[in-house]
1. Write out, first by first residue and then by second, each pair whose Cβ atoms fall under 7 Å of each other, whose residues are 6+ apart or on separate chains, and whose first residue, in the range 31-42, is touching a residue at least 40 places away in the same chain (Cβ under 8 Å) while the second is among the acidic types (Asp, Glu).
2. Looking only at residues in the range 112-130 that are over 16 Å from the mean Cα position of the chain (by Cα) and in contact (Cβ under 8 Å) with a residue 60 or more places away in the chain, which one is farthest from LEU27 (Cα to Cα)?
3. Name the residues in the range 51-95 that are farther than 17 Å from VAL155 by Cβ and among the β-branched types (Val, Ile, Thr), would you?
4. So which residues in the range 161-205 are part of a loop (DSSP other than H, G, I, E, B), at pLDDT 85 or above and either of a type in the set (Gly, Ala, Ser) or more than 27 Å from LYS40 (Cα to Cα) (or both), if there are any at all?
5. Hey, VAL187 hits all of (1) hydrophobic (A, V, I, L, M, F, W, C); (2) surrounded by fewer than 24 Cβ atoms within 10 Å (Cβ to Cβ); (3) within 21 Å of VAL56 (Cα to Cα); (4) within 14 Å of the chain's Cα centre (by Cα) but one; which does it fall short on?
6. Being among the aliphatic types (A, V, I, L, M) and within 26 Å of SER38 (Cα to Cα) is the filter here, so list the residues in the range 157-199 that pass it.
7. From VAL170, VAL187, VAL175, which residue is closer than 20 Å to TYR51 by Cα and among the aliphatic types (A, V, I, L, M)?
Amino acid sequence: MSIRVPLFLVFLFPAVSFSQNIDIRLLRTINSEEIQNSDKYFRFITNSDTYVAIGVPAILAGAGLIRDDDKMIRNAFIMAAASAVNAGVTLALKYSINRDRPFETYPDILKKAKAGSPSFPSGHTSSAFATATSVSLAYPEWYIIVPSFAYAGTVAYSRMHLGVHYPSDVAAGAVIGAGCAYLTYKVNKALQKKHRIKPCDCPNL
């Protein structure tokens with residue numbers, strides 16, 4: 001069964017035949033052919049993404065229930081929805097474009113982490129940026145925004161350090177993740193505005 005995606009999403013994929021040389025050159029400056037002490041750290045960062053994407057909205061929802069805070073609970077559901085939308089778009093693109101992983105095409109790229117699905121876009125990166133964007137939109141304070149995007153950027157870098165993604169995979173993942181989170185946030189805002197109950201103009205009885 002083939003997966004179809006809107007045509008405009010496919011244009012996020014760079015003209016690989018034109019940019020492949022730049023892509024692999026950048027990756028070679030990041031990925032080392034030798035085992036490094038930092039490999040364990042970047043594996044930890046890359047593996048933490050799933051727990052963060054699930055844990056942040058779950059903790060927020062739990063805190064909202066404990067404090068009886070409807071806004072916190074709503075923010076948690078918006079974050080979860082953004083992650084779900086992002087996962088669907090990312091998977092659709094992955095299997096529609098079906099790009100090989102860099103270590104499959106270039107033997108000198110050392111694979112330092114597990115990687116099974118097609119390469120473009122980076123799912124870990126899109127997930128991390130979806131979470132960072134959702135959290136930042138819900139709580140737009142510098143002490144929330146800075147660490148959120150610092151973490152997402154580190155996840156993105158780890159995918160290249162570990163040799164499982166091209167820079168273009170990571171760049172597209174960041175755009176897709178942030179975009180899905182932003183659109184989910186705006187749709188929710190529009191729905192809230194549409195269903196907001198207006199004060200009654202009826203005369204006092």
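1. Qualifying pairs under 7 Å: GLU33/ASP108.
2. By that ranking, first place goes to ALA113.
3. ILE59, ILE66, ILE73, ILE78, VAL85, VAL89
4. Answer for the range 161-205, where residues must be part of a loop (DSSP other than H, G, I, E, B), at pLDDT 85 or above and either of a type in the set (Gly, Ala, Ser) or more than 27 Å from LYS40 (Cα to Cα) (or both): just GLY163.
5. All conditions pass for VAL187, except number (4).
6. MET160, LEU162, VAL164, VAL170, ALA171, ALA172, ALA174
7. On inspection, the qualifying residue turns out to be VAL170.
Per-residue answers, yes or no, for (1) loosely packed, with under 15 Cβ neighbours inside 10 Å; (2) farther than 30 Å from HIS161 by Cα:
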| site | (1), (2) |
| --- | --- |
| ALA61 | no, yes |
| GLY64 | no, yes |
| ALA81 | no, no |
| TYR95 | yes, no |
| PRO102 | no, no |
| THR105 | yes, no |
| LEU110 | no, no |
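The values are calculated or read from the model by the stated rules, or taken from the named source; none is laboratory data. It should be emphasised that the depicted structure is a prediction, and the values quoted were computed from it without experimental measurement. Every residue, glycine as well, gets a Cβ built from its backbone with ideal geometry; the counts of neighbours run over all protein chains shown.
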